[in-house]
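Read the figures in this text as sums done on the coordinates, not as results from a lab. Predicted model, so just to flag it, every value in this text is computed and none were measured. Here the Cβ positions follow ideal geometry from the backbone for every residue, glycine too, while neighbour counts run over all protein chains shown.
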Amino acid sequence: MNYFAHLALAQPTVASKVGNLMGDFMRGVQPEALPEPVRQGLHNHRLVDRFTDHHPLVIDSRRRFSDQRRRFAGVALDVLFDHFLIRHWSRFHERPLQEAIDENYRLLLTGAPLMPEAMRATTRHMVEHDWFNRYAELEGIGRALDRIAARIRFTNRFQGMLEEIHAHHDELEAVFLTLYPQLRQVVRAEALETPGQATQSL
């Protein structure tokens, strides 16, 4: 799962949102030095990643991609699952999508002092360019993946991943629609975060 799904599976607080996103920005971060509610969010992030990465449907989905792009398939699926969550939001969540997006942006901006610099820069860019509404269209996903591929330091042929997503779109969508409800159940069952945790003071 990518940024939007991690935020959807977090508690509605600044500390939780920051912690649930911080798992992708851990360079130079000492987990034991984090405030407890942020650390709880980080643990929840890692639970979501473990469950997703080891799910048989996800493992099988990676095999659908060509040999030249399979190394990038996990990243592509994570971003694509954000697209499917946005497209099918009302199936899983009662709150209107735009309200949820706006709240996530607001809480992340408020939580900037809790973030390492790379995360702070990324979330600022995310909000300024409204990534989540752009993810509603497959073309937005394609552009996001091409940007990620361009930042990879080793020579690769990952550009154009959207072509393969189009080829397997319906099967991958079905995987998400099966996976996400299971993932929500696991997060609820593990309860790694304290519900209603007060907003972290800044």
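At-a-glance table
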read-out: Three-way shape call for the stretch 1-108 based on the alpha-carbon gyration tensor, with the a/c threshold at 1.5; value: oblate
read-out: Cα-projected label distance for E139 with A174, points at 7 Å along beta-carbon direction, nm; value: 2.9
read-out: Span-rule helices in the chain, defined as complete DSSP H runs reaching 27 Å or more along the axis (Cα) with Kyte mean at least -0.5; value: 169-190
read-out: Given charges at beta-carbon only (K, R positive; D, E negative), |dipole| of the chain in Debye; value: 480
read-out: Range in the chain, longest, excluding exposed trypsin sites (Lys or Arg not before Pro) [loop by DSSP; at most 14 other beta-carbon atoms within 10 Å]; value: 64-152
read-out: The stretch 3-190: mean projected area of Cα convex hull, nm²; value: 10.4
read-out: Cleavage-rule hits (chymotrypsin sites (Phe, Trp or Tyr not before Pro)) in the stretch 81-124: DSSP loop, at most 12 neighbouring Cβ within 10 angstrom; value: none
